[in-house]
Amino acid sequence: MNLKTISLLLFSAFLNLTVTAQEIRIPQERVAVKIKEYIEKNYPTATRIKYYQEVINDTVFMESEFKFRGNKYAVTFYDEALYEVEIFLAFKDIPTPAQKAIKSTLDSLFTRHKILVCQEVNPRTDLLYEIRVEGTSERSTAFWELYFTPSGKLVKKTEFIVRPIPSHF
């Protein structure tokens, strides 16, 4: 099952939100020209470009995933306008002070946790670290997205429920 997600429309201070998501791969022919032109202009040497339509709590986004200058990117659009840029990274690549604060927070929130994905969100504007975890607390295991400031302070915690794509079988 694909655990890929994107952030919500607005970052907020509210914690413990629940989000449902669904993702479908889209052929390049069905992607808006404006979106393809943005990727070509801003990431001219991008390779392995794939497009997805994501529905997050009934809001539809288009996302492009690709490799650029040795990094994996996910660039998200809402209504054909740039919404968010994410760069995937390893947890060990987060600066040590933030890494320690994030680990401490994860240890306090969950009795057991596994980091699934780490990303820099909007690294050129308002950097946040998005950490996706499978976390267990009080005998319940769930998937979570947590957003941290560059200093490692938790600003948002969201439970993430991945809905299956309807089948015609």
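The values are calculated or read from the model by the stated rules, or taken from the named source; none is laboratory data. Note that the structure is a prediction, hence the values are computed from the model and not measured. Note: ideal-geometry Cβ built from the backbone for every residue, glycine included; neighbour counts use all protein chains shown.
Worth a mention:
- Checking each residue in the range 51-60 for being of a type outside the set (Val, Ile, Thr) and loosely packed, with under 13 Cβ neighbours inside 10 Å picks out Asn57, Asp58.
- Boolean, Phe110 is outside the structural domain of Ala46 (by TED's automatic domain parsing), more than 30 Å from Ala46 (Cβ to Cβ) and more than 12 Å from the chain's Cα centre (by Cα): yes
- Criterion applied to Tyr52, Tyr38 was being aromatic (Phe, Trp, Tyr), in a strand (DSSP E or B), outside the structural domain of Phe148 (by TED's automatic domain parsing) and at negative phi, and the one residue passing it is Tyr52.
- Of the residues Tyr78, Tyr83, Tyr38, the single one that is among the hydroxyl-bearing types (Ser, Thr, Tyr) and more than 24 Å from Val155 (Cα to Cα) is Tyr38.
- Restricting the search to strands (runs of 3 or more DSSP E) fully inside the range 61-169 and requiring at least 1 residues that are surrounded by 19 or more Cβ atoms within 10 Å (Cβ to Cβ) and basic (Lys, Arg) gives 128-137, 154-162.
Residues checked against (1) modelled with pLDDT of 95 or more; (2) assigned by TED's automatic domain parsing to the domain that holds Ile39:
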| site | (1), (2) |
| --- | --- |
| Lys67 | yes, yes |
| Lys72 | yes, yes |
| Val75 | yes, yes |
| Asp79 | no, yes |
| Lys103 | yes, no |
| Lys114 | yes, no |
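- In the condition set (1) modelled with pLDDT of 95 or more; (2) of a type in the set (Ser, Thr, Tyr); (3) closer than 25 Å to Glu145 by Cβ, Thr47 is compliant with all but (3).
- Residues in the range 95-134 that are touching a Ser or Thr at 6+ places or on another chain (Cβ under 7 Å) and acidic (Asp, Glu): Glu130, Glu134.
- Check on Lys114, on the phi < 0 side of the Ramachandran plot and touching a helix residue (DSSP H, G or I) at 6+ places or on another chain (Cβ under 8 Å): no
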